[in-house]
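The values are calculated or read from the model by the stated rules, or taken from the named source; none is laboratory data. In this text the structure is predicted, and so the values were computed from the model without any measurement. Here Cβ is always computed from backbone atoms with ideal geometry, including for glycine, and neighbour counts include all displayed protein chains.
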């Protein structure tokens, strides 16, 4: 598979040639960053500017969908939101093509991820996401997807069941628990008008900064979804008092820019359930990419699937209970 996968052609010379086709000169070789869905590299030019160059996974997004991501980032940057917007050439183009690849340059953002036990960091994260959503609600995506919990959960379920990874007993257990989860998620469907343009994958790995100044990066999964999609992964505490502290700080920062509908908190466990299912389905779907087997060898271990099924069982029980923040 390593010789036939499209990304196998992304040798250093190919990457350098693509970037230099834009009029930049790279005195050194690219450095691969930790990315699997796309291929992402750090480069520096002869003016000592540091760039992140992203090569998009073939056949995942259309040009129109990628351009809509870029246009959203440019709109956010112009509104003063702390994001990393793409570099544009003299013609205003941000999406570039070379030898069958589509790629984009972003100025490198330095810094560290926020500390989710630090109240000041939580406030700052709420503030930058609130600013993002204040812009995001001004209009709608026309080409990017809308988070459809029902359809996407079924898609993830079918992806795993259609694979060879589950043993006979595991398959029965997975079928049972995911069918029960799908039924439990039915009451949590949201009306289309609740969806706004969001980052879509707002975990701390996609946030960089220093002190209380954070920048959001990697809008590859931006879509239409309820606002809570960008907030729930910041609420990590296991104990109620700590969780309430996190929520209070995030909401105080968020509402500097936009009101938050507290009813959306009921979507946290449904969205967590969806993310758990989607992650395993994503690994299954990408296994033929030669980067995946060495990075995720445990996918082939029966113990991984036993643990995954146990986590889904725990989610099923949580969905049957009244959420602690609404009790």
Looking at segment 32-53, which of the residues that are more than 17 Å from the chain's Cα centre (by Cα) and farther than 14 Å from residue 110 by Cβ is surrounded by the fewest Cβ atoms within 10 Å (Cβ to Cβ)?
47
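Out of 153, 160, which single residue is buried (at least 16 other Cβ atoms within 10 Å of the Cβ) and within 19 Å of the chain's Cα centre (by Cα)?
Values: 160 fails: within 19 Å of the chain's Cα centre (by Cα).
Checking each option against the conditions leaves just 153.
With the condition being buried (at least 18 other Cβ atoms within 10 Å of the Cβ) and either in the same structural domain as residue 149 (by TED's automatic domain parsing) or modelled with pLDDT of 95 or more (or both), I'd like the helices (runs of 4 or more DSSP H) fully within segment 224-298 carrying at least 2 qualifying residues. Break it down stepwise before answering.
Working: elements: 240-254, 268-285, 292-295.
In segment 224-298, 240-254, 268-285 are the helices (runs of 4 or more DSSP H) which contain 2 or more residues that are buried (at least 18 other Cβ atoms within 10 Å of the Cβ) and either in the same structural domain as residue 149 (by TED's automatic domain parsing) or modelled with pLDDT of 95 or more (or both).
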Residues that are more than 14 Å from residue 220 (Cβ to Cβ), surrounded by 14 or more Cβ atoms within 10 Å (Cβ to Cβ) and either in contact (Cβ under 8 Å) with a residue 12 or more places away in the chain or not assigned by TED's automatic domain parsing to the domain that holds residue 88 (or both), drawn from segment 54-77:
74, 75, 76
Count of residues meeting criterion [more than 30 Å from residue 41 (Cβ to Cβ) and not in a strand (DSSP E or B)] in segment 182-218:
14
Subset of segment 3-18 that is surrounded by 11 or more Cβ atoms within 10 Å (Cβ to Cβ) and more than 25 Å from the chain's Cα centre (by Cα) - its residue that is modelled with the lowest pLDDT
9
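Which residues, counting only those in segment 143-180, are in contact with a strand residue (DSSP E or B) (Cβ under 6 Å, 6 or more places away or on another chain) and assigned to a loop (DSSP other than H, G, I, E, B)?
Keep residues of segment 143-180 that are in contact with a strand residue (DSSP E or B) (Cβ under 6 Å, 6 or more places away or on another chain), which gives 144-147.
Of everything in segment 143-180, those that are in contact with a strand residue (DSSP E or B) (Cβ under 6 Å, 6 or more places away or on another chain) and assigned to a loop (DSSP other than H, G, I, E, B) turn out to be 144, 145, 147.
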Suppose we filter 144, 172 for residues that are assigned by TED's automatic domain parsing to the domain that holds residue 272, at pLDDT 95 or above and surrounded by fewer than 19 Cβ atoms within 10 Å (Cβ to Cβ); which single one remains?
172
Among all residue pairs at least 6 apart or on different chains, which show Cβ distances below 8 Å where the first residue, located in segment 91-103, is over 14 Å from residue 67 (Cα atoms) and the second is modelled with pLDDT of 95 or more and part of a strand (DSSP E or B)?
101/55
Scan (1) more than 23 Å from residue 36 (Cα to Cα); (2) touching a residue at least 40 places away in the same chain (Cβ under 8 Å) for the single condition residue 238 breaks and write down its number.
(2)
